[in-house]
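The values are calculated or read from the model by the stated rules, or taken from the named source; none is laboratory data. Note that the structure is predicted; figures quoted are calculated from it, not measured. Here the Cβ positions follow ideal geometry from the backbone for every residue, glycine too, while neighbour counts run over all protein chains shown. Ligands, DNA and RNA are excluded from the accessible area calculation, which covers all protein heavy atoms including side chains. Shrake-Rupley method; radii C 1.70, N 1.55, O 1.52, S 1.80 Å.
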Amino acid sequence: MNETEPVRETERLTVAQAVVRFLANQCSERDGQRQKLFAGCFGIFGHGNVAGLGQALLQNELEAAEADRLEYVLARNEQAMVHTAVGYARQKDRLQTWACTASVGPGSTNMLTGAALATINRIPVLLLPSGTFATRVSGPVLQELEQPYAADVTVNDAFRPLSRFFDRVDRPEQLPSALLGAMRVLTDPVETGAVTVALPQDVQAEAFDWPVELFAERVWHIARPPAEAARIAAAAEVIRTARRPLLVAGGGVHYSGAEDALTQFCAATGIPVGETQAGKGSLLHGDPQLMGAIGSTGTTAANALARDADVVIGVGTRWADFTTASRTAFQRRGVRFVNINVANFDAGKQAGLSVVADAREALSALTDALAGWSAPDEYRAEQTRLWEAWDANVVAAYDPPAEVTGRLADGLLTQGEVLGAINELTDPRDIVLCAAGSMPGDLHKLWRVRDRKAYHVEYGYSCMGYEVPASLGIRLADESRDVFAMVGDGGYLMMPTELVTAVQERIKVVVVLVQNQGFHSIGSLSESLGSQRFGTRYRYRDEQSGRLDGDSLPVDLAANARSLGAHVIEVHDREGLEAAVKEAKAAPAHGGPVVIHVETDPSIYAPDSDSWWDVPVSQVSELTSTRAAYQTYLGYKATQRPLITSSEGAGHR
Ligand SMILES: Cc1ncc(C[n+]2csc(CCOP(=O)(O)OP(=O)(O)O)c2C)c(N)n1
Ligand SMILES: [Mg+2]
């Protein structure tokens with residue numbers, strides 16, 4: 001055969017069958033290590049996908065050769081299945097993920113919150129919402145959106161602003177380019193996030209003669225772009241001028257696997273580290289350079305250093321408002337920023353000197369460029385003093401003194417005690433997980449991380465309900481670790497559904513359900529802003545006052561979890577909590593979910609972080625509480641800094 005003659009080998013499959021076969025054959029590769037890009041496909045079927053992707057996944061389960069297999073897992077809620085996929089992908093450092101298929105209409109739009117969460121946290125997930133008929137012959141079909149102004153709009157257009165890549169396959173011929181575009185974005189460390197390929201219900205079932213190359217194994221290289229030498233030199237020149245440098249470690253340190261490079265950089269230079277939520281665990285507890293959490297939920301140590309820092313090095317951080325304490329954390333005039341980030345978008349923030357590069361590559365290059373230089377000795381001594389003062393707070397929170405425990409009602413624990421007991425009784429490799437409520441802040445401040453992948457707090461979207469579903473994904477990503485999902489009563493009520501999936505799939509997760517009768521976090525925020533905890537307590541509407549300040553509700557979340565098939569342990573004191581953690585640890589590896597139900601007293605707070613978070617207060621009010629809060633607000637506003645001074649150019653100022 002003539003080599004230039006086109007070979008027209010094709011295989012006749014439906015669009016959905018082609019999608020499944022294609023996904024099963026995608027791999028990712030970084031540093032020479034290769035793995036399947038998709039661990040499987042979560043799904044909930046309806047008329048939009050039951051005969052399309054549903055049929056294709058069935059056929060795959062029954063007939064596919066091992067190499068072409070794509071595992072299917074039935075979820076309970078479409079938002080939840082995206083959270084499960086995100087939990088998995090984050091735990092896998094974004095090298096692997098899941099696909100999610102949903103039916104038309106509500107099934108698909110239920111995934112929108114998950115899409116936003118994935119994109120904001122820069123975590124790859126593939127969403128396959130089903131669409132109404134491309135041919136429109138029998139429209140409007142059940143669950144179809146009709147818009148008089150535009151006949152081609154569907155509810156799936158709502159995915160566009162939330163996705164890093166969006167396509168709709170209205171004809172089979174479009175599928176190869178849609179799939180290849182989707183893979184490119186999923187495996188790009190700069191672009192990655194939610195990727196959406198909408199598949200109309202009729203198109204899913206349509207047959208087509210596919211070129212067989214579409215199904216060949218494909219390896220997507222995940223890049224580690226090195227920094228330009230001149231940028232490293234410029235960054236080093238700025239850092240050499242510093243007397244009080246501080247490094248802020250973000251999630252990019254983890255995704256790049258830059259923890260060792262960071263540890264070496266800090267040991268060589270004496271530069272201390274404050275960590276964001278996603279970056280926590282970049283240095284391990286006990287590292288002399290670790291000042292713990294930074295920002296609004298930070299430690300007094302990291303925040304004290306931030307206040308007076310002259311050069312701040314951001315690594316893999318997107319500089320969220322919690323990290324900068326709403327631009328009040330860095331108070332020194334002329335403070336300069338050096339940002340190492342794989343995304344130009346983030347590297348330029350705070351008018352920083354931008355080093356666009358993979359975190360690991362850039363940190364090693366910078367360590368070499370700074371050889372022989374280190375921060376002044378007295379600065380290191382100051383770090384030690386600040387850390388010891390903060391750590392005493394942690395000890396007191398883990399083991400509260402008698403004057404605190406004496407104030408607790410019978411059977412109630414403090415939240416700090418709960419976190420402390422779990423931290424101390426779990427293995428260093430076990431994973432703690434949280435997303436919303438008062439616990440993310442407390443974990444950020446108090447949790448001692450002893451392994452690089454042991455801390456998983458979703459604080460980009462801080463989505464109530466992420467915890468239970470994400471715990472399944474995390475456990476699926478690494479069965480050698482126990483997962484402890486910390487969830488408030490509010491967060492639990494939003495999305496307990498995937499406990500049932502964990503029962504069905506025999507996935508062992510440990511959910512610690514912290515019952516404090518409502519929204520403690522927003523309650524205390526509300527109080528600090530003069531809004532008197534309005535609408536944040538789970539209490540009866542009182543017949544006399546007409547307000548939500550009646551008795552507690554007779555809600556039994558332990559019984560609820562039990563009814564869903566979980567093994568539930570109810571805790572009534574400190575000893576009971578310790579016994580429960582041990583029992584959960586000893587539970588069988590494939591025995592399904594364990595729920596530890598514990599009641600806490602929300603009036604005992606975690607230690608203060610000497611910090612602020614910008615939440616606007618009413619400028620005028622008839623309430624004295626609001627007027628007082630507004631005066632306090634103005635005081636903080638006055639300390640906000642724009643952080644727009646250019647850090648480009650070397651030398652002293
Ligand atoms: C989906 C969603 N809705 C609303 C919020 C705003 N919010 C943040 S924390 C919180 C209360 C959480 O209550 P709970 O889970 O009981 O935790 P606690 O504050 O009591 O610790 C609310 C309503 C959110 N983060 N996510
Ligand atoms: Mg609560």
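Inside the range 396-441, residues that are in a helix (DSSP H, G or I), within 14 Å of ligand 2 (Cβ to nearest atom) and farther than 22 Å from THR299 by Cβ make up a count of 0.
Scanning the range 552-575 for residues that are under 30 Å from ALA389 (Cβ atoms) and either in contact (Cβ under 8 Å) with a residue 24 or more places away in the chain or open to solvent by 80 Å² or more (accessible area, probe 1.4 Å) (or both) turns up at least one hit. Every test in (1) outside any strand (DSSP E or B); (2) within 23 Å of SER480 (Cα to Cα); (3) in contact (Cβ under 8 Å) with a residue 12 or more places away in the chain is passed by ALA579 save one, and that test is (3). One residue alone among SER526, SER521 is within 13 Å of ligand 2 (Cβ to nearest atom) and open to solvent by less than 50 Å² (accessible area, probe 1.4 Å), and that residue is SER521.
Residues in the range 221-246 that are under 21 Å from GLN383 (Cβ atoms), touching a helix residue (DSSP H, G or I) at 6+ places or on another chain (Cβ under 7 Å) and open to solvent by less than 20 Å² (accessible area, probe 1.4 Å): PRO245, LEU246.
Summed over the range 435-446, the residues that are more than 9 Å from ligand 1 (Cβ to nearest atom) and touching a strand residue (DSSP E or B) at 6+ places or on another chain (Cβ under 6 Å) give a count of 3.
Got at least one residue in the range 120-134 being charged (D, E, K, R), in contact (Cβ under 8 Å) with a residue 12 or more places away in the chain and outside any strand (DSSP E or B)? Yes, the conditions are met somewhere in the range 120-134.
Looking across the range 609-653 at every residue that is assigned to a loop (DSSP other than H, G, I, E, B), open to solvent by less than 70 Å² (accessible area, probe 1.4 Å) and of a type in the set (A, V, I, L, M), the one that is farthest from LEU513 (Cα to Cα) is identified as ALA650.
Inspect all residues belonging to the range 417-434 and state whether any of them is open to solvent by less than 10 Å² (accessible area, probe 1.4 Å), within 10 Å of ligand 1 (Cβ to nearest atom) and at pLDDT 95 or above. Within the range 417-434 (the criterion being open to solvent by less than 10 Å² (accessible area, probe 1.4 Å), within 10 Å of ligand 1 (Cβ to nearest atom) and at pLDDT 95 or above), the answer is yes, since at least one residue qualifies.
Tally time: how many residues in the range 159-192 are in contact with a strand residue (DSSP E or B) (Cβ under 8 Å, 6 or more places away or on another chain) and in a loop (DSSP other than H, G, I, E, B)? The total comes to 6. Residues in the range 529-548 that are within 10 Å of ligand 2 (Cβ to nearest atom) and either open to solvent by 60 Å² or more (accessible area, probe 1.4 Å) or out of contact with any helix residue (DSSP H, G or I) (no Cβ under 9 Å at 6 or more places or on another chain) (or both): ARG537 only.
Checking each residue in the range 332-381 for being in a helix (DSSP H, G or I) and among the acidic types (Asp, Glu) picks out ASP346, GLU361, ASP368, ASP377, GLU378.
What residue, among those in the range 299-331 that are of a type in the set (A, V, I, L, M, F, W, C) and in a loop (DSSP other than H, G, I, E, B), is surrounded by the most Cβ atoms within 10 Å (Cβ to Cβ)? Taking the candidates together, the pick is ALA329. Counting only residues that are more than 20 Å from the chain's Cα centre (by Cα) and crowded, with 20+ Cβ neighbours inside 10 Å, the range 332-346 holds 6 of them.
Before we move on, is ARG122 farther than 20 Å from TYR72 by Cα, of a type outside the set (A, V, I, L, M) and in contact with a Ser or Thr (Cβ under 7 Å, 6 or more places away or on another chain)? Criteria met by ARG122.
Against the test of being more than 8 Å from ligand 1 (Cβ to nearest atom) and on the phi > 0 side of the Ramachandran plot, the options GLY546, GLY518 yield a single qualifying residue, GLY546. Within the set ALA606, ALA584, ALA589, the sole residue that is within 26 Å of MET439 (Cα to Cα), part of a loop (DSSP other than H, G, I, E, B), in contact (Cβ under 8 Å) with a residue 24 or more places away in the chain and small (Gly, Ala, Ser) turns out to be ALA606. Applying the condition of being open to solvent by 10 Å² or more (accessible area, probe 1.4 Å) and within 16 Å of ALA365 (Cα to Cα) to the range 247-260 and asking which residue is farthest from the chain's Cα centre (by Cα) yields ASP260. What about VAL483, is it open to solvent by 10 Å² or more (accessible area, probe 1.4 Å), touching a residue at least 40 places away in the same chain (Cβ under 8 Å) and more than 16 Å from ligand 2 (Cβ to nearest atom)? Here the answer is no, as VAL483 does not meet what is asked. The numbered conditions (1) in contact (Cβ under 8 Å) with a residue 12 or more places away in the chain; (2) open to solvent by less than 20 Å² (accessible area, probe 1.4 Å); (3) within 16 Å of ligand 1 (Cβ to nearest atom) are all true for VAL509 except (3).
In the condition set (1) in a loop (DSSP other than H, G, I, E, B); (2) touching a residue at least 24 places away in the same chain (Cβ under 8 Å); (3) of a type in the set (S, T, N, Q), ASN156 is compliant with all but (1). Look at (1) within 16 Å of ligand 1 (Cβ to nearest atom); (2) closer than 18 Å to LYS280 by Cβ; (3) open to solvent by 10 Å² or more (accessible area, probe 1.4 Å) and you find that GLY488 fails only one, number (2). The residues listed here are ARG218, ARG164, ARG168; of these, the one that is surrounded by fewer than 17 Cβ atoms within 10 Å (Cβ to Cβ) and not aliphatic (A, V, I, L, M) is ARG218.
When the criteria are applied in full, VAL620 meets the requirement of being free of Cβ contacts under 8 Å to residues at least 24 places away in the same chain and over 23 Å from LEU425 (Cβ atoms).
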